[in-house]
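Engineer: Here you go, one structure.
The values are calculated or read from the model by the stated rules, or taken from the named source; none is laboratory data. Everything numeric in this text was worked out from a predicted model, so none of it was measured. As a convention, Cβ positions derive from the backbone with ideal geometry for all residues, glycine included, and neighbour counts pool all protein chains shown.
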Amino acid sequence: MDVAVEAVGSAGVIATCLDLVTRGGAVVSVGLPHPSAELTVPALQFAGAGKRLLGSYMGDAVPGRDIPAYLGYWREGRLPVELLHTDTRPLAEINEGLDALASGPVVRRLFRA
């Protein structure tokens, strides 16, 4: 089975993921779209292709179980969290930084005082 994880928070990306997964595949949406965003996809993708769209609220995590597992994956090189950090900028650039997050070229940006 094919699985795609959408972490951008974009209805368009969710739709693209549904289009790209194979018959019987699933898309797990963990990104948080804007409250007014709407998703429009061909209904035939579900009953006709057996695809599934799943939401994940706050990661559906069990911290006592999951954090040790994630640390183990990271230590083994299987969870490259450093790819989630684009850069660090001075706090004075907060407005530009948030604009870059909203428009898409930045994955995660940290700010320093």
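Engineer: Inside segment 14-27, can you point out the residues that are surrounded by fewer than 18 Cβ atoms within 10 Å (Cβ to Cβ) and not small (Gly, Ala, Ser)?
Structural biologist: Correct list: Thr16, Asp19, Leu20, Thr22, Arg23.
Engineer: Where residues in segment 55-113 are loosely packed, with under 12 Cβ neighbours inside 10 Å and of a type in the set (Ser, Thr, Tyr), which of them is farthest from the chain's Cα centre (by Cα)?
Structural biologist: Thr88
Engineer: Turning to a different aspect of this structure: May I ask you to list the residues in segment 1-38 that are farther than 22 Å from Leu101 by Cα, aliphatic (A, V, I, L, M) and in a helix (DSSP H, G or I)?
Structural biologist: Those that are farther than 22 Å from Leu101 by Cα, aliphatic (A, V, I, L, M) and in a helix (DSSP H, G or I): Leu18, Leu20.
Engineer: Cβ-Cβ distance below 7 Å, separation of 6 or more or different chains: which pairs start in segment 74-91 with a residue that is touching a residue at least 12 places away in the same chain (Cβ under 8 Å) and end on one that is assigned to a loop (DSSP other than H, G, I, E, B) and charged (D, E, K, R)?
Structural biologist: Once the first residue is touching a residue at least 12 places away in the same chain (Cβ under 8 Å) and sits in segment 74-91, its partners that are assigned to a loop (DSSP other than H, G, I, E, B) and charged (D, E, K, R) give Leu84/Arg108; His85/Arg108; Thr86/Arg108.
Engineer: Is it the case that some residue within segment 40-59 is touching a strand residue (DSSP E or B) at 6+ places or on another chain (Cβ under 6 Å), under 19 Å from Val81 (Cα atoms) and modelled with pLDDT under 95?
Structural biologist: For segment 40-59, residues touching a strand residue (DSSP E or B) at 6+ places or on another chain (Cβ under 6 Å), under 19 Å from Val81 (Cα atoms) and modelled with pLDDT under 95: absent.
Engineer: While we're on this one: Of everything in segment 36-54 that's of a type in the set (Gly, Ala, Ser) and farther than 17 Å from Asp2 by Cβ, which residue is farthest from the chain's Cα centre (by Cα)?
Structural biologist: My answer is Ala47.
Engineer: Go through segment 18-35 and report how many residues are under 16 Å from the mean Cα position of the chain (by Cα) and among the small types (Gly, Ala, Ser).
Structural biologist: Looking only at that region, the number is 3.
Engineer: Here's something else I'd like to know. With respect to Asp60, determine if the residue is touching a Lys or Arg at 6+ places or on another chain (Cβ under 9 Å) and of a type in the set (Asp, Glu).
Structural biologist: So Asp60 fails the test.
Engineer: Now a separate question. Looking only at segment 54-92, count how many residues are closer than 25 Å to Leu20 by Cα, assigned to a strand (DSSP E or B) and either in contact with a Phe, Trp or Tyr (Cβ under 8 Å, 6 or more places away or on another chain) or outside the structural domain of Cys17 (by TED's automatic domain parsing) (or both).
Structural biologist: Adding up the residues that qualify gives 0.
Engineer: I would also like to ask the following. In the set Val41, Val107, which member is outside the structural domain of Ser10 (by TED's automatic domain parsing) and not in a helix (DSSP H, G or I)?
Structural biologist: Of the residues listed, the single one that is outside the structural domain of Ser10 (by TED's automatic domain parsing) and not in a helix (DSSP H, G or I) is Val107.
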